[in-house]
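Okay, so here's the structure we're looking at.
Values in this text are rule-based calculations from the coordinates and carry no lab data. Predicted model, so just to flag it, every value in this text is computed and none were measured. All Cβ positions, glycine included, derive from the backbone under ideal geometry; neighbour counts span all protein chains shown.
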Amino acid sequence: MSEQDKTAPAGNDGATVVITHRVRHGAHTAYEQWLNAIGPVCRSYPGHLDWQIIRPITGLSGTFTVVIRFDTQAHLHAWMNSADRKRFIEQVRPLLVADDDFHIRTGLDFWFTPEGAKAGAPVRWKQVLVTWSAIFPLVLLTPLVVSPVLRWMHVSPSGILATLVNTGIVVVLMSYVVMPSYTRLIKRWLFS
């Protein structure tokens with residue numbers, strides 16, 4: 001992990017840390033107990049918004065991914081550099097194949113920084129253009145696909161529930177389908 005990841009400047013854009021731990025064979029139960037102990041402490045820190053754990057697929061991987069969101073970069077850094085977290089990391093090290101590995105991302109930079117990239121996020125105006133060009137067709141097409149299903153379920157396609165479903169689909173598509181492929185496709189322009 002780069003020093004930039006560890007020492008990103010404080011700001012108010014919100015911040016996310018993605019932590020990956022490769023757990024030793026036979027140590028998954030102890031690691032789960034460790035997660036149960038560190039989770040409430042992390043969630044007690046000011047500005048904590050969300051804590052997600054992506055567990056390994058049995059027999060295929062021993063990697064746990066923990067995604068933690070805070071409302072500001074300063075609050076995230078307060079947790080990441082806290083004595084509490086350092087104490088927990090010392091406790092878990094014997095259970096890990098490799099050291100504590102994490103990457104901090106802020107705002108929409110998460111969409112625009114390829115995994116393992118050495119370069120920072122592209123300039124904001126390019127992020128805005130790419131996001132807008134990706135969201136526009138999704139916002140136009142998603143209701144066309146979803147509305148017939150909602151009508152079949154006797155839900156008004158123009159109500160709050162329909163908006164909730166449509167926006168949820170757009171966000172999932174943006175995060176998991178569109179942006180990873182789109183940013184790879186245009187990375188030369190995006191990072192120039």
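A few points about this structure:
- Spacing of the two label points (7 Å from each Cα toward its C-beta) at THR29 and ARG151, in nm: 5.6
- Region 47-107: C-alpha gyration tensor shape, a/c 1.5 cut-off, then a/b vs b/c: oblate
- A Förster radius of 45 Å combined with the Cβ-Cβ distance from ALA83 to LEU141 puts the calculated FRET efficiency at roughly 0.35.
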